[in-house]
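**Q** Below is a structure I'd like to ask you about.
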Amino acid sequence: MNATGPASAVRTREVVDALRRGTVPQSGLDLFAVGLERFETALDDDLATAARGGAAFHAVRGEYGSGKTFFARWLAERAKRAGLAAAEVQISETETPLHRLETVYRRLTERLTTATHRPSALRAVVDSWFYTLEEEILDGGELDEPDEGDEDGQAALDTAVEALMERRLADVARTTPAFAAALRGYRRATAAGDTATAEALIAWLGGQKSVAASARRAAGVRGDLDHFGALGFLQGLLTVLRDCGHPGLLLVLDEIETLQRVRGDVREKGLNALRQLLDEIDAGRFPGLFLVITGTPAFYDGQQGAQRLPPLAQRLATDFTTDPRFDSPRAVQLRLTGFDLERLGELGRAVRDLYRGVARHPGRVAERVDDAYLGELATAVTGGLGGNTGVAPRVFLRKLVADVLDRVDEFADFDPRRHYALTLTPSELTETERNAAAGSADDVELELP
């Protein structure tokens, strides 16, 4: 499962802790990824295309429980190992509406990560960029690194860095001069030790609202970022990332099916914003961008989703009439087929073996939570959810870690076959899981064989 070698104890514990809480881990997903091997080669090619200055796009489709969020974070890990930056933005009706691209950009910068920096990595990326520009000038031999207290030498270096910055951002500055102006103001504020202004300008570069007017005046910029300026800022961010060693950006727009639940006029604007973004990618405006959207089949195929805007529907069109085994991993849409009992058992074995790596009593874990028991637990969880295997993985993994593996590791006389009865309560289930388990408002108690 793990293509990068043995996992560290810290990395493994982070994964186990997340599964215990019933959430998708932020990292380490390669340690127990099941069924994604068929996508690896094609997606690595797309990441390489972005790293070379090209662009890529995929639309991921799947019902609830098919693993769309898992897929997105697994891909983000691969992107960061390839040197790219990554950001996952969850589309929502109120917090991040798709038709407000300035809001999408703001969430992007808040969630921006690299292999070495957690969110938000924006300030670290900008600082690294200016450092890279300085090193490039000094390596050129035209200027020597100024000694401490050499004000003339530092002034000459600052001037050279600004000139180089303007050249690098020339394309961006033609359409979005405010991006370059804010960077210039940030550098000057940092050099002057004006921390408050520097932080305010980084926030403004990240699309934040309510930035102090004094900071904006210091950089010569006005107002807040708008819908049209957001695309220019994204272009500028890609330039900065590329120059400081991150040749591309993986941007995931998750849960795009929320567009189906908004007012008709808002839905039209959101769909059109997505079409506009795809047009700009095709036109070559965003070198290094790998865009991925995730949604349910109803969004891609239904009249309240992509089909409502024919030009967008044509771009996303993919033939799924063939056997899923023959789906092309290079298609525009990638279909996640979800879990059956066999794959659920495979997932359980991967997590059990991962848990053993940090367990106090790995031998006991292997003996009492054997492959046969994992199959029994998978069958029981699926039965408790109305036989719907597709929505079972989250609950299955949470029960496996928190109710079974933890107890086996902690108590020498605990035997899950004799001492554990699966219980599913409405309060621990999501709405979709509760719908699957419908039929009784009471707890569902299942005795395992």
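Each value in this text was obtained by applying a stated rule to the coordinates, not by laboratory testing. Nothing here was measured: the structure is a model prediction, and the numbers come from that model. Every residue, glycine among them, receives a Cβ derived from its backbone with ideal geometry; neighbour counts consider all protein chains shown.
**Q** What's the angle, to the nearest 10 degrees (0 to 90), between helix 101-111's Cα axis and the longest principal axis of the chain?
**A** Taking the Cα atoms of the chain, the angle to 101-111 is about 70 degrees.
**Q** Mind ranking 116-124, 377-385 by how tightly packed they are, going by the mean number of other C-beta atoms within 10 angstrom, highest first?
**A** 377-385, 116-124
**Q** Something else about it: Over the stretch 1-148, what is the relative contact order in percent, taking alpha-carbon pairs closer than 8 angstrom and at least six residues apart?
**A** In percent, rounded to a whole number, it is 14.
**Q** Find the relative contact order for the stretch 308-369 and round it to a whole percent, using C-alpha pairs within less than 8 Å whose residues are 6+ positions apart.
**A** Once divided by the residue count of the stretch 308-369, the mean separation gives 19 percent.
**Q** Sticking with this structure for a sec: Given the options W74, A313, Q90, identify the residue whose Cα lies farthest towards the positive end of the charge dipole of the chain (+1 on Cβ of Lys, Arg; -1 on Cβ of Asp, Glu).
**A** Checking the options against the dipole of the chain, the answer is A313.
**Q** A further question follows. Could you tell me which of rounded, prolate or oblate describes the stretch 146-219, using a ≥ b ≥ c as the square roots of the eigenvalues of the alpha-carbon gyration tensor, with rounded for a/c under 1.5 and, failing that, prolate when a/b is larger than b/c and oblate otherwise?
**A** Values: a/c = 3.12, a/b = 1.29, b/c = 2.42.
Oblate, since a/c reaches 1.5 and b/c is not below a/b.
**Q** Under the Kirkwood approximation for Rh and a Cα-based Rg, what ratio Rg/Rh is obtained for the stretch 265-423?
**A** Result for the stretch 265-423 is an Rg/Rh of 1.15.
**Q** Take the alpha-carbon positions of the stretch 129-258, form their convex hull, and give its projected area averaged over all directions (one quarter of the hull surface) in nm². Numbers along the way, then the final one.
**A** Working: hull surface 37.9 nm².
Answer in nm², one decimal: 9.5.
**Q** Next question. Using Cα atoms only, what is the angle between the long axis of helix 264-282 and the major principal axis of the chain, expressed in degrees (0 to 90) to the nearest 10?
**A** For helix 264-282, the angle is close to 70 degrees.
**Q** If you look at just the Cα atoms of the stretch 1-104, how large are its Rg and its Dmax in Å?
**A** 15.1, 43
**Q** In deg cm²/dmol, rounded to 500, what helix-only [θ] at 222 nm does the chain give when every DSSP H run of at least 4 residues adds -39500 (n - 2.57) and the total is split over its residues?
**A** Numbers: 21 runs with 234 residues, N = 449.
Dividing the helical sum by the residues of the chain leaves -16000 deg cm²/dmol.
**Q** Taking a ≥ b ≥ c as the square roots of the eigenvalues of the Cα gyration tensor of the stretch 267-331, is the shape rounded (a/c under 1.5), prolate (a/b larger than b/c) or oblate?
**A** Oblate, since a/c reaches 1.5 and b/c is not below a/b.
**Q** Go through the stretch 236-286 and name the trypsin sites (Lys or Arg not before Pro) that are in a DSSP coil and have 15 or fewer other Cβ atoms within 10 Å of their Cβ. Before the final figure, lay out the partial values.
**A** Numbers: sites: R242, R261, R263, R267, K269, R275, R285; in loops: R263, R285.
Qualifying residues, ordered by number: R263.
**Q** Taking the Cα centre of the chain as origin, work out the dipole magnitude from +1 charges on Lys and Arg Cβ and -1 charges on Asp and Glu Cβ, in debye rounded to 20.
**A** 1140 debye
**Q** Further question: For the stretch 173-219 and the stretch 248-301, what is the separation of their C-alpha centers, rounded to whole Å?
**A** 29 Å
**Q** Could you grab the relative contact order for the chain? Cα pairs under 8 Å, six or more apart, rounded to a whole percent.
**A** 22 percent
**Q** Please work out the Kirkwood hydrodynamic radius for the chain, using every pair of different C-alpha atoms, and report it in angstroms with one decimal place.
**A** 24.3 Å
**Q** Skipping prolines and chain starts, which residues have an amide H placed within reach, meaning under 5 Å, of the one on L422, given they are 5 or more residues away or on another chain?
**A** L446, L448
**Q** Quick one: helix 371-384 against the long Cα principal axis of the chain, what's the angle to the nearest 10°, folded into 0 to 90?
**A** For 371-384 against the chain, the angle is about 80 degrees.
**Q** OK, next. Compute the distance from the alpha-carbon center of the stretch 362-400 to that of the stretch 68-142, in whole Å.
**A** After rounding, the separation between the Cα centres reads 36 Å.
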